[in-house]
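Heads up: the structure comes next, in structure tokens.
Throughout, read-outs are computed from the coordinates displayed, never taken from laboratory work. In this text, all values refer to a predicted model and were calculated from it rather than measured experimentally. Here the Cβ is made from the backbone with ideal geometry for all residues, glycine too, and neighbour counts use every protein chain on show.
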Amino acid sequence: MPKKYDILGIGSPILDAVIEVSDCELTRILKDTEVGGMVAVTGEEQEAIINSTASPVSYSIGGSANNTVSAIARLGLKAALLGKIGADKNGEFFAEKSKEISLITDMLKVDSDKKSTACCLCLISPNGERTMRTHLGAAQNISTSDINFDELKNYRHIHFEAYVLFNKDYAAKIAEFAKENNITMSLDLSSFEVVRALSAFLPEFLREYIDIVFANEDETKEIGDIEDIKKACEITILMKGKEGAHIFYDYGNGEHVQKAHKEKRIVDKIGAGDHFAGGFLYGYLMGLSPEEASETGTLLATHCIENKGAHMPCNVWEEILTKVKK
């Protein structure tokens with residue numbers, strides 16, 4: 001029987017708060033911590049950073065898995081996100097904006113413990129590099145009791161962001177159910193800090209459940225040998241920024257080097273990797289070859305870099321759809 005929906009993202013529904021900062025200001029804010037990547041903070045710590053800068057803050061819906069499935073929804077497939085929002089104005093904003101881009105919201109859960117909706121503070125350097133400080137709030141209250149398995153089996157594909165693997169029982173229950181019901185799965189490794197923290201759990205999760213893995217070079221170094229990843233997953237995608245991406249398919253027996261497109265301008269890199277994943281998974285679900293799917297992913301990532309934040313305006317999506325539908 002054909003599946004009712006195309007793809008379900010498993011991740012944290014997060015409100016992105018974006019601030020453009022100078023290199024000097026970023027050094028002051030971070031003190032001795034590394035530029036780039038993601039670090040979890042409290043709501044109070046996040047607020048203190050925002051209050052310490054005079055730069056304006058812009059808000060949009062985000063979260064790695066959400067950015068990916070939102071892009072797929074924009075391309076016309078039936079996509080949803082399973083995650084938990086707060087019973088607050090930010091949660092209402094998240095659900096409303098999701099509906100505006102045709103993302104199915106039936107799998108969004110509302111937290112009953114009065115936790116606030118998760119927020120990711122994105123500090124953007126002059127070169128477009130992003131440094132993230134995230135307060136997970138209600139998103140971290142998701143549990144196995146929130147999973148509707150009758151609905152889950154209606155999806156063709158499930159896409160995980162690595163952040164949810166900290167909730168190991170929750171992630172494993174979904175992955176095991178998907179495997180039993182012939183639902184393909186993908187995983188975005190998300191950040192080198194996350195991979196480092198999950199080093200004992202991640203390799204087995206990849207071998208047992210994941211068909212497609214998205215990673216950058218810093219993330220693969222934390223796991224170890226990329227050859228082991230290629231043998232574990234049907235498709236391994238190594239994203240290399242301005243150098244493009246290497247696509248290893250058929251468990252590493254096939255390889256495609258995807259060249260990056262030349263950007264008209266670099267505004268910021270928020271969501272670029274998520275959009276590459278969205279474009280690639282769209283192609284995969286449409287039955288395209290790895291080469292064709294990676295071209296679609298590169299198209300989306302390039303447009304994302306040329307625009308502010310992870311969600312592009314309607315006119316940009318109209319241009320993308322014209323190219324994708326050719």
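Couple of notes before you dig in:
- 3J(HN,Hα) from dihedral phi, the stretch 291-306, Karplus parametrisation 6.51/-1.76/1.60, rounded to Hz, x for glycine, proline: 5, 5, 5, 5, 5, 5, x, 5, 4, 5, 4, 5, 5, 4, 4, 7
- Mean sequence separation of contacting Cα pairs (under 8 Å, at least six apart), scaled by the length of the chain, corresponds to a relative contact order of 18 percent.
- Distance from the Cα centroid of the stretch 279-326 to that of the stretch 86-119 is 25 Å (rounded to whole angstrom).
- From helices alone, the chain scores -11000 deg cm²/dmol at 222 nm; the rule is -39500 (n - 2.57) for each run of n ≥ 4 DSSP H residues, then divide by the residue total.
- Cα-based shape type of the stretch 20-63, given that a ≥ b ≥ c are square roots of the gyration tensor eigenvalues and the cut on a/c is 1.5: rounded
- Top of ALA272, ALA200, ALA95 by mean-square fluctuation, Gaussian network on the chain, Cα under 10 Å: ALA200
- More than 19 angstrom apart: percent of Cα pairs within the stretch 1-105: 53 percent
- Other residues whose C-beta falls under 12 angstrom from the C-beta of GLU291 contribute a net charge of -2, scoring Lys and Arg +1 and Asp and Glu -1.
- C-alpha center-to-center spacing [the stretch 216-260, the stretch 192-215] in angstrom: 13 Å
- Extended-chain gain in nm, criterion 0.36 nm per residue less alpha-carbon gap, GLU44 and LYS308: 92.4 nm
- Simple label model, 7 Å out from Cα along Cβ direction - SER143 to MET286, nm: 4.1 nm
- Other-chain or far-sequence residues with amide H under 5 Å of ILE183's (modelled H): none
- Using θ = phi - 60° and Karplus 6.51 cos²θ - 1.76 cosθ + 1.60, couplings along the stretch 240-246 (whole Hz; Gly, Pro as x): 10, x, 5, 8, x, 8, 10
- Computed 3J(HN,Hα) for the stretch 47-63, one whole-Hz value per residue from the Karplus formula 6.51 cos²θ - 1.76 cosθ + 1.60 where θ = phi - 60°, is 5, 5, 5, 4, 6, 7, 10, 8, 5, x, 10, 10, 10, 7, 6, x, x, glycine and proline marked x.
- For the stretch 44-109: span of alpha carbons on each principal axis (Å, largest first): 42, 24, 17
- Burial ranking of peptide ranges 210-220, 316-326, 102-112, 10-20 (average Cβ count within 10 Å, highest at the top): 10-20, 210-220, 102-112, 316-326
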